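*Asks:* Can you keep this structure in mind? I'll have questions shortly.
The values are calculated or read from the model by the stated rules, or taken from the named source; none is laboratory data. Treat the numbers as computed from the prediction; the structure is a model and nothing was measured. Backbone-built Cβ (ideal geometry, glycine too); neighbour counts: all protein chains shown.
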Amino acid sequence: MSRRKISIFGVTGSIGANTVSVIEGLGLDRFEVIAVSGNTNVAGLAKIARKLHAQIAVTADNQRLPELRDALAGTGIAAAAGTNALIEAASRPADWVMSAIVGAAALAPTLAAARTGATIALANKECLVAAGPILLAEMRKSGARLLPVDSEHNAIFQLTCAAGECPIERLILTASGGPFRDHSLDQMARVTVAQAMAHPNWSMGRRISIDSANMFNKALEMIEAWHLFDVAPEQIEVVVHPQSIIHSMAGFCDGTILAHLGPPDMRVAIGHALSWPERAALPVERLDFVALGRLDFEAPDPVRFPALDLARAAMSRGGVSACVMNGSHEVALDSFIAGHIGFLDMAAVVGEAMERLDGLPKANDLDDIFAVDAQARRVGRDLVKRFAA
Ligand code: NAD
Ligand code: MG
């Protein structure tokens with residue numbers, strides 16, 4: 001049997017590490033690793049590239065190319081750096097490509113991989129939020145298949161496979177509620193980066209952990225679901241489910257609700273995307289319902305978690321509104337991490353950026369998206385200055 005050719009973008013991150021772990025579990029000899037990528041952690045990137053016997057390792061950071069070259073000397077693994085190198089690596093023929101770079105930086109390499117017609121395991125959600133229609137159109141053109149890796153969307157994908165041709169009546173995205181589910185608005189105004197990063201159920205990268213604490217993650221996921229599944233914004237609901245055991249649900253016209261349950265472990269979604277349409281055994285925890293005892297649900301509070309309404313506004317405005325939301329949100333998030341603005345200011349910055357940039361023309365290609373993204377970041381930075389003052 002020929003080995004499957006795979007590439008992993010963002011291999012040094014949380015999803016990247018879980019992907020490597022799943023691949024090792026399934027047997028490294030079954031895969032031929034084409035490309036792996038990282039950013040500042042060049043030592044980590046080189047270590048993984050050696051372990052996976054990758055053809056090429058790419059760091060996004062141009063300054064670190066000499067360091068990467070040194071770390072790979074004598075291995076026969078090529079080293080490269082920068083955005084163009086990422087795009088070139090993503091354009092190399094592969095059967096399966098993991099898109100797990102964080103943020104809009106994933107856009108260009110993911111689009112390049114999509115153009116090759118590879119199966120794209122999409123962990124990165126910002127790509128779909130910022131440029132969903134463009135990315136999906138390219139995938140239709142090349143015949144690339146998209147397998148969602150974000151746990152909620154992977155869950156819904158699995159449910160749609162089970163439901164066959166039946167149209168979905170409602171999609172119910174579950175949200176853990178994050179570490180501040182029971183905090184007052186006053187308490188939330190004062191939380192630190194470390195507190196915002198302490199997710200109760202999932203172990204994830206820094207940014208998505210903070211995004212889970214103010215539900216920006218769920219807001220992005222609503223838009224992601226809107227692009228991935230054939231539903232209108234009104235059909236997408238969010239319910240807080242603190243145990244993170246149900247990963248999402250789909251309702252149908254006869255009142256049936258299908259739910260996907262599993263341990264809160266990203267290896268389940270990654271393993272599914274890597275094995276689809278089959279299922280491979282994974283060494284993850286098996287659920288014990290008696291030990292769990294109960295599953296709880298509550299409505300998200302729109303006052304403490306305004307991000308959800310921002311997502312609804314982005315979808316109803318349409319056009320590039322979600323791209324503005326994403327770009328200004330990345331700036332606001334970086335500013336919170338840097339200690340320049342407070343936790344609640346993030347949503348305020350994004351809301352105002354979306355107001356200011358309402359009515360921009362529709363994007364026709366990735367260059368239009370990059371222009372809107374840059375504009376959203378400029379406005380975001382302006383607003384951050386005001387909130388920081
Ligand atoms: P992470 O911060 O742990 O890792 C991010 C990866 O992207 C690293 O390899 C890093 O080197 C790379 N990277 C960072 N900035 C870059 C840049 N400018 N250019 C190129 N590469 C860059 O993030 P993560 O938690 O693994 O999340 C990755 C993506 O998957 C995000 O879009 C996130 O929303 C999504 N996701 C993550 C999880 C999770 O459990 N971690 C779950 C669902 C979805
Ligand atoms: Mg998710």
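*Asks:* If a residue must be surrounded by 11 or more Cβ atoms within 10 Å (Cβ to Cβ) and either part of a loop (DSSP other than H, G, I, E, B) or in contact with a Leu (Cβ under 7 Å, 6 or more places away or on another chain) (or both), how many such residues does the range 297-310 contain? Outline the logic, then answer.
*Replies:* So the first thing to find is which residues in the range 297-310 are surrounded by 11 or more Cβ atoms within 10 Å (Cβ to Cβ), and the list is 297-298, 300-302, 304-310.
From the residues that got through so far, the ones that are either part of a loop (DSSP other than H, G, I, E, B) or in contact with a Leu (Cβ under 7 Å, 6 or more places away or on another chain) (or both) too are 297, 300-302, 304-306.
The qualifying residues number 7.
Conditions tested, residue by residue: (1) hydrophobic (A, V, I, L, M, F, W, C); (2) on the phi < 0 side of the Ramachandran plot; (3) assigned to a helix (DSSP H, G or I).
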residue: Ala112; (1), (2), (3): yes, yes, yes
residue: Val129; (1), (2), (3): yes, yes, yes
residue: Gly132; (1), (2), (3): no, yes, yes
residue: Lys141; (1), (2), (3): no, yes, yes
residue: Ala162; (1), (2), (3): yes, yes, yes
residue: Pro167; (1), (2), (3): no, yes, no
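*Asks:* Sticking with this structure for a sec: Determine if the range 225-237 includes at least one residue that is buried (at least 22 other Cβ atoms within 10 Å of the Cβ), under 28 Å from Glu285 (Cα atoms) and more than 12 Å from ligand 2 (Cβ to nearest atom).
*Replies:* Scanning the range 225-237 turns up no residue that is buried (at least 22 other Cβ atoms within 10 Å of the Cβ), under 28 Å from Glu285 (Cα atoms) and more than 12 Å from ligand 2 (Cβ to nearest atom).
*Asks:* I'd like the full set of residues that are closer than 19 Å to Ala232 by Cβ and either within 14 Å of ligand 2 (Cβ to nearest atom) or without any contact (Cβ under 8 Å) to a residue 60 or more places away in the chain (or both), limited to the range 149-170. Explain how you work it out, then say what you get.
*Replies:* Applying the first criterion (closer than 19 Å to Ala232 by Cβ) to the range 149-170 yields 152-153, 156-157, 159-160, 163, 165-170.
Once the filter is applied, which keeps residues that are closer than 19 Å to Ala232 by Cβ and either within 14 Å of ligand 2 (Cβ to nearest atom) or without any contact (Cβ under 8 Å) to a residue 60 or more places away in the chain (or both), the range 149-170 yields Glu152, His153, Ile156, Phe157, Glu165.
*Asks:* Within the range 335-358, can you find the residues that are in a loop (DSSP other than H, G, I, E, B), without any contact (Cβ under 8 Å) to a residue 60 or more places away in the chain and surrounded by 21 or more Cβ atoms within 10 Å (Cβ to Cβ)?
*Replies:* Ile341, Leu357
Conditions (1) within 20 Å of the chain's Cα centre (by Cα); (2) modelled with pLDDT of 95 or more, marked per residue:
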residue: Glu152; (1), (2): yes, yes
residue: Phe157; (1), (2): yes, yes
residue: Ala163; (1), (2): no, no
residue: Ile168; (1), (2): no, yes
residue: Leu228; (1), (2): yes, yes
residue: Ile246; (1), (2): yes, yes
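*Asks:* Of the conditions (1) within 24 Å of Lys5 (Cβ to Cβ); (2) away from ligand 2 (no atom under 16 Å from the Cβ), Ala123 clears all except one; give me its number.
*Replies:* The single condition Ala123 does not satisfy is (2).
*Asks:* Within the range 120-143, which residues are away from ligand 1 (no atom under 16 Å from the Cβ), touching a residue at least 60 places away in the same chain (Cβ under 8 Å) and either buried (at least 20 other Cβ atoms within 10 Å of the Cβ) or under 21 Å from Asn84 (Cα atoms) (or both)?
*Replies:* Step one: list which residues in the range 120-143 are away from ligand 1 (no atom under 16 Å from the Cβ), which gives 133-134, 136-143.
Those left that are additionally touching a residue at least 60 places away in the same chain (Cβ under 8 Å): 133-134, 136.
Across the range 120-143, the qualifying residue is only Ile134.
*Asks:* One residue is enough: does the range 319-332 have a residue meeting the conditions over 28 Å from Ala137 (Cβ atoms), in a helix (DSSP H, G or I) and touching a helix residue (DSSP H, G or I) at 6+ places or on another chain (Cβ under 9 Å)?
*Replies:* Restricting attention to the range 319-332, the residues satisfying the condition of being over 28 Å from Ala137 (Cβ atoms) are 332.
If we keep only those that are in a helix (DSSP H, G or I) too, we end up with 332.
Right, trim to touching a helix residue (DSSP H, G or I) at 6+ places or on another chain (Cβ under 9 Å) and you get 332.
There is at least one residue in the range 319-332 that is over 28 Å from Ala137 (Cβ atoms), in a helix (DSSP H, G or I) and touching a helix residue (DSSP H, G or I) at 6+ places or on another chain (Cβ under 9 Å).
*Asks:* Within the range 67-77, is even one residue of a type in the set (Lys, Arg), more than 16 Å from ligand 2 (Cβ to nearest atom), modelled with pLDDT of 95 or more and in a strand (DSSP E or B)? Break it down into steps so the answer makes sense when it comes.
*Replies:* Filtering the range 67-77 down to residues of a type in the set (Lys, Arg) leaves 69.
Checking the rest, the ones that are also more than 16 Å from ligand 2 (Cβ to nearest atom) come to 69.
Next, from what is left, pick out any that are modelled with pLDDT of 95 or more: 69.
Now restrict to residues that are in a strand (DSSP E or B): none.
No, that holds for no residue.
*Asks:* Considering only residues that are of a type outside the set (A, V, I, L, M) and more than 20 Å from Gly76 (Cβ to Cβ), look in the range 20-51 and name the one that is nearest to ligand 2 (Cβ to nearest atom). Working first, answer last.
*Replies:* If we filter the range 20-51 for residues that are of a type outside the set (A, V, I, L, M), which is where we start, we get 21, 24-25, 27, 29-32, 37-41, 44, 47, 50-51.
This time we only want the ones that are more than 20 Å from Gly76 (Cβ to Cβ), so: 21, 24-25, 27, 30, 39-41.
On the way: Ser21: 18, Glu24: 24, Gly25: 22, Gly27: 28, Arg30: 27, Asn39: 21, Thr40: 24, Asn41: 23 Å.
Among those that are of a type outside the set (A, V, I, L, M) and more than 20 Å from Gly76 (Cβ to Cβ), it is Ser21.
*Asks:* So the check is Cβ under 9 Å with 6+ separation or different chains; which pairs have a first residue in the range 80-109 that's at positive phi and a second one that's surrounded by fewer than 18 Cβ atoms within 10 Å (Cβ to Cβ) and in a loop (DSSP other than H, G, I, E, B)?
*Replies:* Gly82/Asp61
*Asks:* Which of (1) away from ligand 1 (no atom under 16 Å from the Cβ); (2) touching a helix residue (DSSP H, G or I) at 6+ places or on another chain (Cβ under 9 Å); (3) not hydroxyl-bearing (Ser, Thr, Tyr) does Ala162 not meet, given it meets every other one?
*Replies:* Condition (2) is where Ala162 drops out.
*Asks:* Is there a residue being within 16 Å of ligand 2 (Cβ to nearest atom) and surrounded by fewer than 24 Cβ atoms within 10 Å (Cβ to Cβ) anywhere in the range 2-19?
*Replies:* Scanning the range 2-19 turns up at least one residue that is within 16 Å of ligand 2 (Cβ to nearest atom) and surrounded by fewer than 24 Cβ atoms within 10 Å (Cβ to Cβ).
*Asks:* For the range 261-284, give me each residue that is farther than 21 Å from Met249 by Cβ and outside any helix (DSSP H, G or I).
*Replies:* Pro277, Glu278, Ala280, Ala281, Leu282, Pro283
*Asks:* A follow-up question, please. Which one is surrounded by the most Cβ atoms within 10 Å (Cβ to Cβ), of the residues in the range 175-204 that are within 13 Å of ligand 1 (Cβ to nearest atom) and closer than 22 Å to Ile156 by Cβ? Spell out the reasoning first.
*Replies:* Of the range 175-204, the ones within 13 Å of ligand 1 (Cβ to nearest atom) are 175-176, 197, 199, 201-204.
Imposing the further condition that a residue be closer than 22 Å to Ile156 by Cβ reduces the set to 175-176, 199, 201-202, 204.
Numbers: Ala175: 24, Ser176: 21, His199: 20, Asn201: 17, Trp202: 17, Met204: 20.
It comes out as Ala175.
*Asks:* For the range 1-19, give me the residue count where each residue is over 17 Å from Leu72 (Cα atoms), near ligand 1 (Cβ under 8 Å from one of its atoms) and not small (Gly, Ala, Ser).
*Replies:* So the answer is 3.
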